[in-house]
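Trainee: Below you will find the structure I want to go over with you.
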Amino acid sequence: MKPSSRWLLAFGVTIGVLVIVAIVLVFTMARPGGAPLLPEDTPEGTVQRYLLALDAEEYTTAYSYLSFPPGKQISYEVWRGRAIRYEEKHGVKVTLEKSTVSGSEATVYVVVDIFRASEPFENPPFENPVYTQHITFFLEKEGTSWKITSPTYVGWFFY
């Protein structure tokens, strides 16, 4: 076998091994949304389910986690209309920072990272494609469940 053939064979085997490793990693890596669900009867679990419902475009479910002040109720149709205005979806990662509970009130702090891929020549080449927001959710206990009292709008989620 010629030395050049040996190099070609070694190169081909190396590429083959890399392809196999890449395939294995793709099928074994954790998928987005693979985080375990937090207990539903906790403020953190309520916020998590609300965000998952928004991400899955299950707006009726998301709306069910909200509570509006008396006299300031927003109908589902109006609320959903505001949600649908933000058609452009981006990759979103939400991280729970901390939460506090005081009697029937709770506060949940989350960090929302929104990944925005830009079109060529749209933004400067070294601009950060991740937009980070710190969102504070306020909740009140209603019976055995928690309801989000603020924010009740969803524009921040679809930025």
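Trainee: K89 - would you say it is under 19 Å from the mean Cα position of the chain (by Cα) and modelled with pLDDT of 85 or more?
Mentor: no
Trainee: What are the pairs with Cβ atoms under 7 angstrom where one residue, in segment 85-107, is more than 14 Å from G45 (Cα to Cα) and among the hydroxyl-bearing types (S, T, Y) and the other, located anywhere, is modelled with pLDDT of 85 or more and surrounded by 11 or more Cβ atoms within 10 Å (Cβ to Cβ)? Sequence gap at least six, or different chains.
Mentor: Correct list of pairs: S104/E140; S104/K141.
Trainee: Which one of the conditions (1) in a helix (DSSP H, G or I); (2) of a type in the set (V, I, T); (3) modelled with pLDDT of 90 or more does V101 fail to meet, given that it meets all the rest?
Mentor: Among (1) in a helix (DSSP H, G or I); (2) of a type in the set (V, I, T); (3) modelled with pLDDT of 90 or more, V101 violates only (1).
Yes/no per residue for (1) of a type in the set (K, R); (2) outside any strand (DSSP E or B); (3) at pLDDT 90 or above:
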position	(1), (2), (3)
A30	no, yes, no
G33	no, yes, no
E57	no, yes, no
G71	no, yes, no
I74	no, yes, no
R80	yes, yes, no
V94	no, no, no
E119	no, yes, no
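Trainee: May I pose another question? Return the pairs, sorted by first residue and then second, in which the second residue is assigned to a loop (DSSP other than H, G, I, E, B) and of a type outside the set (S, T, N, Q), the first residue lies in segment 45-65 and is at negative phi and surrounded by 15 or more Cβ atoms within 10 Å (Cβ to Cβ), the beta carbons are less than 6 Å apart, and the residues are 6+ apart or on different chains.
Mentor: The qualifying pairs are G45/L38; G45/P39; T46/Y65; Q48/L38; Y50/Y65.
The values are calculated or read from the model by the stated rules, or taken from the named source; none is laboratory data. Since we're looking at a predicted model, the values are computed, not measured. FYI the Cβ positions are ideal-geometry reconstructions off the backbone, even for glycines, and counts take in every protein chain you see.
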